[in-house]
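Peer 1: Take this structure first; my questions come after.
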Amino acid sequence: MVDSDGNQLGIMSLASALRLAEEKEKDLVEIAPQAKPPVCRLMDYGKYKYEQSKREKEARKKQHIVSIKEIKLRPGIEEHDFLVKANNVARFLKDAGAETRNQAGIKTAVEKRYSSCQKSKVTGARQNV
C-alpha cells in the first residue's frame, strides 16, 4: 500500500485499506495487480485522469504533421511549364522550411496524368515527357 505522497504504508488487508481510503477521502487504485501481494495506491482518481488527459493533449500538440507536395504532369505539357514544375520540385526537396523543421526538405510526389484516350498511347506520351 502506497499513500498519495508516495510513502510506503506496508501490507494491509483490503478492508483496512478501503477504510483508510474512505477516511482520507481518496480512491484506492490497484497499480500492480500481478505483484504478490498486489500494490494499491491512495489517490484522487479524477485528478489523475485529468492530468493524464492534459499530458496527452500536450503530446498531440507537439506532434509534427507531415505534408506532401504533389506535382501533376500531363503528356502534352509545354517545355516552359515543365521547367517551372521541375524547379518547384527542386525547391521543395531542398527547402528546410521553418514551419516543417525537417532538415531533409518537404516530401514531394510527382504524378503523371493521362486522359482516357491518352492511356492507349502511353508509349508515345512517355517519350514526350
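Peer 1: Can you list the HN-Hα couplings for the stretch 109-114, worked out from phi with the Karplus curve (6.51, -1.76, 1.60; θ = phi - 60°), rounded to whole Hz and with x for Gly and Pro?
Peer 2: So the Karplus estimates, Gly and Pro as x, are 10, 10, 10, 8, 10, 10 Hz.
Peer 1: Output wanted: per-residue J couplings in Hz (rounded whole) for the stretch 44-52, from phi through Karplus 6.51 cos²θ - 1.76 cosθ + 1.60, θ = phi - 60°, x for Gly and Pro.
Peer 2: 8, 5, x, 5, 4, 5, 5, 5, 5
Peer 1: Also, quick follow-up: Explain nothing, just compute: Karplus ³J(HN,Hα) = 6.51 cos²θ - 1.76 cosθ + 1.60, θ = phi - 60°, for every residue of the stretch 16-29 in order, whole Hz, x for Gly and Pro.
Peer 2: Residue by residue, the stretch 16-29 yields 5, 5, 5, 5, 5, 5, 5, 5, 8, 6, 10, 9, 9, 10 Hz.
Peer 1: Amide H to amide H, which residues 5 or more places from Ile71 or on other chains are under 5 Å from it, using H placed in the peptide plane?
Peer 2: Ala109, Val110, Glu111
Peer 1: Above 11 angstrom, tally the Cα pairs of the stretch 14-62 and express them as a % of all pairs, no decimals.
Peer 2: So the portion of pairs separated by more than 11 Å is 72 percent.
Peer 1: While we're looking at this one, here's another question. Out of residues 5 or more away from Val39 or on other chains, whose amide H comes under 5 Å of its own, with H placed 1.01 Å from N in the peptide plane?
Peer 2: The list, which skips near neighbours in sequence, is Ile31, Ala32.
Every number here is computed from the coordinates shown, using simple stated rules; none is lab data. Bear in mind that the values here come from a model prediction, so they are computed numbers and not experimental data.
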